[in-house]
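The values are calculated or read from the model by the stated rules, or taken from the named source; none is laboratory data. Since we're looking at a predicted model, the values are computed, not measured. Note: ideal-geometry Cβ built from the backbone for every residue, glycine included; neighbour counts use all protein chains shown. Ligands, DNA and RNA are excluded from the accessible area calculation, which covers all protein heavy atoms including side chains. Shrake-Rupley method; radii C 1.70, N 1.55, O 1.52, S 1.80 Å.
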Amino acid sequence: MTIPIVKMGKHLIVTIQDEISDKIAIEAQQKILYTITDNRSFGLLIDLSVINVIDSFLGRVLNDIAKMAKLMGVETVVSGIQPGVAITFMELGLKLDGIKTVLDIEQGIDYLNGKRE
């Protein structure tokens, strides 16, 4: 399984479409970071709207991606966190430090394009 990375202007949109293994998460992390460099991206939007369950490893990988992207000058936005995933994040004590969260992809793109509310 691969994780699609779509270029939209100067931003990248990553949609995690199914529960993923730890190995796929690490591969996706590397692919995202290389794609940021190759496309000289300014923003990264990670959509989790299809994900109903998340574990501590994937939460840590998402946080690491955002931190690495920030070091590269790229802002990260996560969209579509489902209620069950939000509850799991809280129960596991996971934090998305420095990551803006929004309800959907449209809000994420607006945020990255400067229409911040």
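Worth pointing out:
- Carbon and sulfur %, accessible surface of the chain computed with the full protein complex present, 1.4 Å: 54
- Its Cα gyration tensor gives the range 30-93 an equivalent ellipsoid, and the semi-axes of that ellipsoid, as √(5λ) in whole Å with the largest first, are 24, 12, 9.
- A dipole drawn for the range 10-117 from +1 and -1 charges on Cβ atoms has a positive end, and of Val77, Asn39, Leu62 the residue lying farthest that way is Asn39.
- FRET E, pair Met72, Asn52, Förster distance 22 Å, beta-carbon r, rounded to 0.05: 0.15
- For the chain, calculated [θ]222 nm from helices alone, where every DSSP H run of n ≥ 4 adds -39500 (n - 2.57): -14000 deg cm²/dmol
- Ser21-Leu96 FRET efficiency (beta carbon distance; Förster radius 22 Å; 0.05 resolution): 0.60
- In order through the range 32-37: 3J(HN,Hα) via Karplus (6.51 cos²θ - 1.76 cosθ + 1.60), integer Hz, x for Gly, Pro: 4, 5, 5, 5, 4, 5
- Using the 1.4 Å probe convention, the accessible area of the chain works out to 57 Å² per residue with neighbouring protein chains retained.
- Note on the range 18-60: the C-alpha convex hull projects to 3.3 nm² when averaged across all orientations.
- Full-extension gain in nm, Ile87 to Asn113, via 0.36 nm per residue minus C-alpha separation: 6.4 nm
- Full extension of the chain between Asn39 and Val6 gives 10.8 nm of extra length, using 0.36 nm per residue less the Cα-Cα distance.
- A viscosity of 0.890 mPa s and a temperature of 25 °C, combined with the Kirkwood radius over Cα pairs in Stokes-Einstein, give a translational diffusion coefficient for the chain of 174 µm²/s.
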